[in-house]
Amino acid sequence: MREGRVIRAISGFFDVFDDGNVVRCRARGVFKVKGTTVLVGDFVRYEPTGTQEGVIREVLERRTELIRPPIANVDHVVIACSFVTPDLNLYMLDKILLLASVARVEPTIAFTKADLASPENVRAICDLYRRAGYTAMAVAAKQALGVAEIRARLQGRVTVLAGPSGAGKSTLASALAPGMAFKTGEVSGKIGRGRQTTRHVELVRLDDDTWMADAPGFSQLQVPVASRDVKHHFPEFRAWADACAYRDCLHLDEEACAVRRAAEEGRVAPSRYASYRQLYQEAREQELNAY
Ligand SMILES: Nc1nc2c(ncn2[C@@H]2O[C@H](COP(=O)(O)OP(=O)(O)O)[C@@H](O)[C@H]2O)c(=O)[nH]1
Ligand SMILES: [Mg+2]
Ligand SMILES: [Zn+2]
């Protein structure tokens, strides 16, 4: 038996990276019985059946598991959020930050297309998220701005790129891993069929310990946490929550809520607080619809 990392899933086969080799495996036996699935990102035990072929026998324990995109053992998510086309959507960003927090995947925020925004706007937005406790940087992939900083954050980890279509994920991926073809949304002049999208899930190797996936998903998810727990995923609330009148304050319309007051006074970013209220409401509606 050998061990390796699943880096690609293609119609019933799994490509397993093992010590520099890629071994095409089937998953047989135990899986049908136990209902276990193999995800890209899984570490597996497999039995070689040829020089480049094998059968997966066991999936090793997962550290993390994302559902959309379906990838196991992701350590890090780079959230691409463009200043223009599409316009900056802080609610969507805050929702992905919540999803990452619930999945225990560390986020880095990449504000993309910074070359198309004013320097003041770029600084204000980056500062807003840094003050909230996040790692945030401006990226202009074509000018190589921010690319080396993001590359340094990837080292030794498995990273997924998240963010809405058109935000610049594939462009950033290509800048991070030159020579590894990632599809971009550039409209083909000849055919004019519109955008190509990256649909399949695949880990791309930057080095043996550093992997990256440019996979759609993430933003379409429901709020994956109980409404009363959404507040725990807003790290900047913690400094204020102790001063709320009620110990289990939800920071909504309660009397003497220190978090709401901090948002009114601008000590907590009003956009973050507005996102919190909206995410709470979304979670609440999901709960009510479940009965
Ligand atoms: N000006 C500018 N355009 C960018 C930048 N990054 C991506 N784009 C453009 O934005 C469009 C969408 O990029 P793409 O990487 O396909 O986005 P994805 O859908 O998130 O993968 C393409 O036309 C890119 O050329 C950037 O940093 N600056
Ligand atoms: Mg893309
Ligand atoms: Zn409160």
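The table below gives the values:
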read-out	value
Label-point gap, in nm, between SER11 and ASP127 - each point 7 angstrom along Cα→Cβ	5.5
Degrees between helix 90-102 axis and first principal axis of the chain (Cα, 0 to 90, nearest 10)	60
Furthest towards positive pole of dipole, TYR134, VAL77, CYS257, structure part the chain, Cβ charges	VAL77
Rounded to the nearest 20 debye, dipole of the chain from Cβ charges on Lys, Arg, Asp, Glu	660
Isotropic mean projected area of the C-alpha convex hull, the stretch 227-289 (nm²)	3.9
Residue order for PHE13, PHE237 - accessible surface, 1.4 angstrom probe, largest first	PHE13, PHE237
Taking all pairs of distinct alpha-carbon atoms in the chain, Kirkwood radius in angstrom	20.7
Beta bridges per DSSP with both ends in the chain, % antiparallel, nearest 5	50
Rounded to 10°, Cα long-axis angle of helix 270-289 versus longest principal axis of the chain	70
Surface/4 of the Cα convex hull for the stretch 2-59, nm²	3.4
Two-site label geometry, TYR291 and GLN143: point separation in nm, points 7 Å out along Cα→Cβ	5.4
Exposure of SER101 as accessible area (Å², to 10), given a probe of 1.4 Å and all protein chains	50
Potential extension, ARG261-HIS200 segment - 0.36 nm per residue separation minus Cα distance	17.4 nm
Stokes-Einstein diffusion coefficient of the stretch 17-151, Kirkwood radius over Cα pairs, 25 °C, 0.890 mPa s, in µm²/s	140
Whole-Hz ³J(HN,Hα) from phi, Karplus 6.51 cos²θ - 1.76 cosθ + 1.60, for the stretch 163-168, glycine and proline x	x, x, 4, x, 6, x
Mean ellipticity per residue at 222 nm, deg cm²/dmol - from DSSP H runs of n ≥ 4 across the chain, formula -39500 (n - 2.57)	-8000 deg cm²/dmol
Relative contact order (percent, whole number), the stretch 24-179, Cα cutoff 8 Å, 6+ residue spacing	21
Unmatched cysteines, the chain - criterion: no other Cβ of a Cys under 4.7 angstrom	CYS25, CYS81, CYS126, CYS257
Under 16 Å, Cα to Cα: Lys pairs in the chain, sequence gap 8 or more or different chains	6
Amide H within-cut-off set for GLU53, under 5 Å, with H built and near neighbours excluded	ARG24
Computed P(r) (all Cα pairs; the stretch 76-214; 10 Å bins; percent)	12, 44, 35, 9, 0
Net length gained if the chain between VAL55 and ARG24 were fully extended (0.36 nm per residue, minus Cα distance)	10.3 nm
For the stretch 134-146, Karplus couplings with θ = phi - 60° (6.51, -1.76, 1.60), whole Hz, Gly/Pro x	9, 8, 9, 9, 8, 10, 10, 4, 5, 9, 6, 6, x
Accessible surface, per residue, of the chain when the full set of protein chains is kept, probe 1.4 Å, Å²	52
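The values are calculated or read from the model by the stated rules, or taken from the named source; none is laboratory data. This is a predicted model, so every value here is computed, not measured. All Cβ positions, even for glycine, are placed from backbone atoms using ideal geometry, and neighbour counts span all protein chains on display. The protein model used for the area step is the full one, side chains on, heavy atoms only, and it has no ligands, DNA or RNA in it. Shrake-Rupley method; radii C 1.70, N 1.55, O 1.52, S 1.80 Å.
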